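Data block below; observations after.
Bear in mind that the values in this text are calculations on the coordinates, not laboratory data. Since we're looking at a predicted model, the values are computed, not measured. Positions of Cβ are generated from backbone atoms using ideal geometry, with glycine treated the same way; all protein chains shown enter the neighbour counts.
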Amino acid sequence: MLFGKHSKRKIYFIKKDFQSRFILRFAAVATVWSAASVLLFFYLANKKLEEIRYSSHIDIATTSELLMPVTIGSLAVSLLIFAGILGYAIHTLLHKLSGPLGQLRRDIARIEGGDLTSDIILREKDEFQDLAADLEEMRTELRRRIARIKEQQAMLSAAAAELGRSVQEGHASSQQVAALESAVVRMKEGVHAFQS
Amino acid sequence: MGLTTHRNYRLFLYLNTFVIVLLGAAIAGFGVFWLFPASLGDSFHSVQAIVRELGKVLFWRVAILYAVISLLIVLAMAVLHLLYSHRIAGPAYRLGREAARIARGDLTGNIKCRPKDNLTDMADSLCNVVSQYRARINAVKDGLASIEQKSKTMSGLLQQGKSEAALREAANDIVSSVKKIEQSLSEVRT
């Protein structure tokens, strides 16, 4: 595998559905944090204001003194909860991506091992459906092309075996050699469908 | 584990997201003091009046402040997570493109990954697919070239009416090349 030092990214929004869901997950967590912070702040601040309203002695001179403990307290609590939810969101996101990618990796390994018989299909709601479709297309095309070469190879084997027998029996003919050459030409057509 | 991420991907995703919200929280904290008057007044009654006034406007002012900050956070997150999601989506896109190239029968290339990309193990596996099938196809091509050459030799020998021994040798070479081709193809189950 090559690491392309000079291949610069041009399009960042390349898999729109996947990336939108990725972004929305974190945007939703941040929005929930924001709403929860407002509610918590309002609850604590209201409580504090109520205390002051019904107290007979007030030793607070500025809004900073009044709201700072409430602000810091509410933000600290909401950030702590956010930290936990964020960790969970990242864990579940990466776990959700692991399943289909693990499956695809196993499928690629199977193809690498020479098995072109099994379909590459993900579960309906899995991510990376388009990658799975591309890999499935690759598998079916490889299978089709190699199956064709194998068919031609069977004819080549038959022609070679017949020629070999005739040579052993001492009556080999130019027609048999021509049949072998013809089988080679047909098989070359199949093989040259690959650029290697 | 199916998703092989670049080193520290998860940690930096976490930290960068948290830092954005932390900055938002800091701005919200300063904003609260900026929104409300600094002094509560000198007398008990003025403090009570300001506290009552504060109670009336507190919720909406703070809600609007957080809504604005929330919007900024979401915008920052969109940019940040666009980059982070691209580190998975980009390699996945290029793997798909590479698979399409292999489907067209092109076994010549290597898959290019960037230093911060994820899914490098899948790219390696696909590179191995390319090299394995390239090796098989090249073995078949070599075998065919050898058979072609030997069959031409046999044609010449037959026309010249040369010895049986030379014909047998050429025929054996052809059979041997055919077996090599068979072996290369038998490794692939279709």
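Remarks
- Calculated FRET value between B:Gln183 and B:Arg97, using beta carbons and R₀ = 30 Å, to 0.05: 0.40
- Inter-centroid distance (Cα atoms) of the stretch B:87-126 relative to the stretch A:40-77, Å: 57
- Legend: mean number of C-beta atoms from other chains within 10 angstrom of residue C-beta atoms, peptide A:157-166, equals 4.
- Simple spin-label estimate for A:His91 and A:Ala161 in nanometres, 7 Å along Cα-Cβ: 6.2
- Taking amide H as placed 1.01 Å from N in the peptide plane, B:Arg189 has its amide H under 5 Å from the amide H of A:Asp115, A:Leu116, each at least 5 places away in sequence or on another chain.
- Shielding by partners, peptide A:60-71 (average Cβ within 10 angstrom, other chains): 5
- With respect to chain A, whose longest principal axis is taken over its alpha-carbon atoms, helix A:129-169 is tilted by about 20°.
- Remark: chain A carries a charge dipole of roughly 340 debye about the Cα centre, counting +1 on each Lys and Arg Cβ and -1 on each Asp and Glu Cβ.
- 0 to 90° range, to nearest 10: angle between helix B:9-35 axis and chain B longest Cα axis: 20
- The protein assembly as shown: Cα Rg divided by the 2.2 N^0.38 Å rule of thumb: 1.69
- With the gyration tensor restricted to C-alpha atoms of the stretch B:119-190, the semi-axes of the equivalent ellipsoid amount to 37, 10, 7 Å, longest first.
- Put simply, the Cα atoms of the stretch B:54-190 extend 115, 23, 21 Å along their principal axes, the longest span coming first.
- Long-range amide H partners of B:Asp106 with built H, under 5 Å: A:Gln195
- Here the ratio of the Cα radius of gyration of the stretch A:85-129 to 2.2 N^0.38 Å is 1.43.
- Cα-based helix-to-principal-axis angle, B:120-160 vs chain B, degrees rounded to 10: 10
- The Cβ shell under 13 Å around A:Phe22 holds other residues with a net charge of +4, Lys and Arg each +1, Asp and Glu each -1.
- Taking the three principal axes of the alpha carbon atoms in chain A, the coordinate ranges are 125, 35, 21 Å, sorted in descending order.
- Solvent-free Debye calculation, one equal scatterer per alpha-carbon of the stretch A:14-125: log10 I(q)/I(0) at 0.13, 0.24 Å⁻¹ equals -0.71, -1.25.
- The Rg/Rh ratio for the stretch B:1-118, using Cα coordinates for both the radius of gyration and the Kirkwood hydrodynamic radius, is 1.34.
- Isotropic mean projected area of the C-alpha convex hull, the stretch A:65-157 (nm²): 8.4
- The stretch A:6-54: chymotrypsin sites (Phe, Trp or Tyr not before Pro) in DSSP loop, at most 14 other beta carbons within 10 Å: A:Tyr12, A:Phe13, A:Tyr54
- A convex hull fitted to the Cα coordinates of the stretch A:128-196 yields 76 cubic angstrom per residue.
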